[in-house]
């Protein structure tokens, strides 16, 4: 079982180890990252690593948690505006722009899912929770629009949020595989079309 540090120094060491592991996994993949690689990059001893993580799987679970937190923190401001057509457009444009800026890296959560979910149930649950939190943020914005009666009475914010996340993940994956951010643009435009179709006609 993962051991949580009790001191500030211990927390800093653990954070350094997780940060190093996350960086290496993002760069080399799970299969290409060894504990020795992590220790070297983190400037940590073997005893320090095993003080906080019983084995490699436990460390990878921490990487999954860190990755989900980072993805959601990076999007936090834009997601907060996902409660109006203007804010939704801004959010979608930001995701497309990020794919262009970073040369279509795809989704870090999705990338880890492909490597971990079939080999470790605990990691699968962590990643599922991360995607669930993402979806909940999307749903909260759409629910706010429904509360303001900006959506059709039969519009389902939960379903719209699920559809949105599916489209985003598909767009991110295709952008990464095809090295074409235009795939993300198509997904983003489709999300906007879905939301627009669910809106009530705007009064003039």
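The values are calculated or read from the model by the stated rules, or taken from the named source; none is laboratory data. All of these numbers come straight from a predicted model, not from anything done at the bench. Cβ coordinates were reconstructed from backbone atoms using ideal geometry, including for glycine residues, and neighbour counts include every protein chain displayed.
Given the structure, is residue 38 closer than 24 Å to residue 107 by Cα, assigned by TED's automatic domain parsing to the domain that holds residue 113 and at pLDDT 95 or above?
no
Go through the range 12-23 and give me each residue that's farther than 13 Å from residue 62 by Cα and surrounded by 12 or more Cβ atoms within 10 Å (Cβ to Cβ).
Of everything in the range 12-23, just one residue is farther than 13 Å from residue 62 by Cα and surrounded by 12 or more Cβ atoms within 10 Å (Cβ to Cβ), namely 13.
Test residue 137 against the stated conditions and say whether it is in contact (Cβ under 8 Å) with a residue 12 or more places away in the chain and crowded, with 21+ Cβ neighbours inside 10 Å.
Against the criterion (in contact (Cβ under 8 Å) with a residue 12 or more places away in the chain and crowded, with 21+ Cβ neighbours inside 10 Å), residue 137 does not qualify.
Taking the range 152-169, which residues are surrounded by 13 or more Cβ atoms within 10 Å (Cβ to Cβ) and over 27 Å from the mean Cα position of the chain (by Cα)?
The one that is surrounded by 13 or more Cβ atoms within 10 Å (Cβ to Cβ) and over 27 Å from the mean Cα position of the chain (by Cα): 152.
Could you give me the residue pairs with C-beta distances under 7 Å whose first residue belongs to the range 5-24 and is free of Cβ contacts under 8 Å to residues at least 12 places away in the same chain, whose second residue is assigned to a loop (DSSP other than H, G, I, E, B) wherever it lies, and which are 6+ apart or on separate chains?
11/5
I want to confirm something. Restricting to the range 77-114 and keeping residues that are surrounded by fewer than 17 Cβ atoms within 10 Å (Cβ to Cβ) and more than 21 Å from residue 192 (Cβ to Cβ), which single residue is farthest from the chain's Cα centre (by Cα)?
103
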